[in-house]
1. If a residue has to be in a loop (DSSP other than H, G, I, E, B) and touching an Asp or Glu at 6+ places or on another chain (Cβ under 9 Å) to count, how many in segment 279-317 make the cut?
2. Please find, within segment 272-319, the residue that is surrounded by the fewest Cβ atoms within 10 Å (Cβ to Cβ) out of those that are within 16 Å of the ligand (Cβ to nearest atom) and over 24 Å from Arg191 (Cβ atoms).
3. Based on what the data block shows, is Leu275 part of a helix (DSSP H, G or I) and in contact (Cβ under 8 Å) with a residue 40 or more places away in the chain?
4. Residue by residue through segment 419-451, note down the ones that are farther than 27 Å from Ser26 by Cβ and more than 24 Å from the chain's Cα centre (by Cα).
5. Does any residue of segment 362-380 turn out to be aromatic (Phe, Trp, Tyr), in contact with a Phe, Trp or Tyr (Cβ under 8 Å, 6 or more places away or on another chain) and within 16 Å of the ligand (Cβ to nearest atom)?
6. Could you please find all residues in segment 419-440 being open to solvent by 10 Å² or more (accessible area, probe 1.4 Å), at pLDDT 95 or above and within 16 Å of the ligand (Cβ to nearest atom)?
7. Just give me the residues in segment 343-384 being crowded, with 19+ Cβ neighbours inside 10 Å, out of contact with any Pro (no Cβ under 8 Å at 6 or more places or on another chain) and assigned to a loop (DSSP other than H, G, I, E, B), in sequence order.
8. Which fully enclosed helices (runs of 4 or more DSSP H) of segment 69-139 have 3 or more residues being open to solvent by 30 Å² or more (accessible area, probe 1.4 Å), touching a residue at least 40 places away in the same chain (Cβ under 8 Å) and farther than 22 Å from Asn368 by Cα?
Amino acid sequence: MTIKYRFPEGFWWGSASSAAQMEGASREDGKGLNIWDHWYEKEPNRFFDGVGPDTTTDFYHRYKEDIKMMKELGHNSFRFSISWSRLIPGGVGKVNEKAIDFYNKVINELLKNNIEPFITLFHFDMPLEMQQKGGWESREVVDAYSNYAKICFRLFGDRVKKWFTFNEPVVPVEGGYLYDFHYPNVVDFNRAVQVAYNTVIAHAKAVEEFKKSNIKDGKIGIILNLTPSYPRSNNPADLKAANIADLLFNRSFLDPAVRGEYPYELVELIKKHNLMPKVEKEDKELLKNNKIDLLGVNYYQPRRIKAKACMPNPESPLMPDNFFDNYEMPGRKMNPYRGWEIYEKGIYDIAINIRDNYGNIEWYVSENGMGVQNEERFIRNGRIEDDYRIEFISEHLKWLHKGIQEGCNVKGYHMWTFIDNWSWTNAYKNRYGFVQLDLKTQERIIKKSGYWIKEVSKNNGF
Ligand code: BGP
């Protein structure tokens, strides 16, 4: 096979996952409840086909078999998250020995298979008791989180060298406090800003703890879902709208994490609309002193923006959408199942932006993927022939490769995800895996894309 797109030596090939989406065993071995367990108990109707987070892919019991399969797919790295409510039920207090044992076994099994573990500390799964204390609106919860982070570094930092404080921290802000797709289903811009701000502070405190922990050769970072904001046109009104979307959804986390400060324009916007959060005087220093070493970027879709067409109803709550309209570009390529646009060049634009505006910091694609419904219809001779996924990945990789050729500091590419897993309120509607999961039997079968990525990883290119 001739290799047209070769990636740098040591490139990270693998996938990402999260505790709530794969572990299952949601009430076993002393795990506390998190907001997903709780919300599902209260309102199962909010979840596709009424499927909740109790079993998911049962990684808690099947991690050995799964790690073996990862090896078979050519993974040299794998990101998973620790469940805060499993490690420290209730969020503060006694550490659960059984959880320590489980995460130790997973880490050791990965290392035994030459797969480097990357750990995320928080992937949308707030312990219920912490939510009842106010969730990210509360500084007490921020401190509890930084203590949890410190405990994780101490327990696992001898073997785990890549750490991420948060996965997509803007999503719980959007889902939980603006657009009603995460618990606690609040719609309130002021509270959303406080949640976003306190999450950034929690992140910086965890980075501070990491630095104190002196983990040898360790790197600390954050995973952000960057959605490049493309204006409909060069009309100044469209440009202004797209810039606001970029400030609110990308730079609100990217700038404090990488540059150690908020963009001036964002602060002005927040002030102008009386949305300023409560801050503490040492916060500024904290941010400045705790920039990340490594950035993870989740990229699924771009954001297309146009200037607002109509005046918002003055009686309805202030929303980010008061400042822009989403633009449906004619001819855009869609993933109709997830309702997300597929725009491969976005990954290159992100790379160039990081190179030119964020000091060319070391980064990797921490998630990219395509969720497809009813994949069973593509089964031929017993396996899913997901050529659309192979095309999706290779088209993104070509753009990433171009970025690397042009000097972008990209270290790897992880897919969402290893195996079809539980997707929050979408449950098992859209399937993302290299491996098919039979929900009834828990049987695992590698899809065509799994064999394809194995070759890509082996050849370090395609
Ligand atoms: C990202 C999350 C993942 C994952 C993925 C796919 O935003 O980090 O947790 O779920 O998106 O999205 P979804 O599951 O909503 O289809």
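1. Residues in segment 279-317 being in a loop (DSSP other than H, G, I, E, B) and touching an Asp or Glu at 6+ places or on another chain (Cβ under 9 Å): 12 in total.
2. Here the residue is Gln301.
3. Here the answer is no, as Leu275 does not meet what is asked.
4. Result: Lys448, Tyr451.
5. First, pick out the residues of segment 362-380 that are aromatic (Phe, Trp, Tyr): 363-364, 378.
From what is left, the residues that are in contact with a Phe, Trp or Tyr (Cβ under 8 Å, 6 or more places away or on another chain) are 364.
Among the residues that remain, those that are also within 16 Å of the ligand (Cβ to nearest atom) are: 364.
Within segment 362-380, one or more residues are aromatic (Phe, Trp, Tyr), in contact with a Phe, Trp or Tyr (Cβ under 8 Å, 6 or more places away or on another chain) and within 16 Å of the ligand (Cβ to nearest atom).
6. Result: Ser423, Trp424, Thr425, Asn426, Tyr428, Lys429, Arg431, Tyr432.
7. Hits for segment 343-384 are Glu344, Asn368, Gly369, Met370, Gly371.
8. Hits in segment 69-139: 97-112.
The values are calculated or read from the model by the stated rules, or taken from the named source; none is laboratory data. In this text the structure is predicted, and so the values were computed from the model without any measurement. For neighbour counting, all protein chains shown are included, and Cβ atoms are generated from backbone atoms with ideal geometry for every residue, glycine included. Heavy atoms of the whole protein, side chains included, go into the accessibility calculation; ligands, DNA and RNA do not. Shrake-Rupley method; radii C 1.70, N 1.55, O 1.52, S 1.80 Å.
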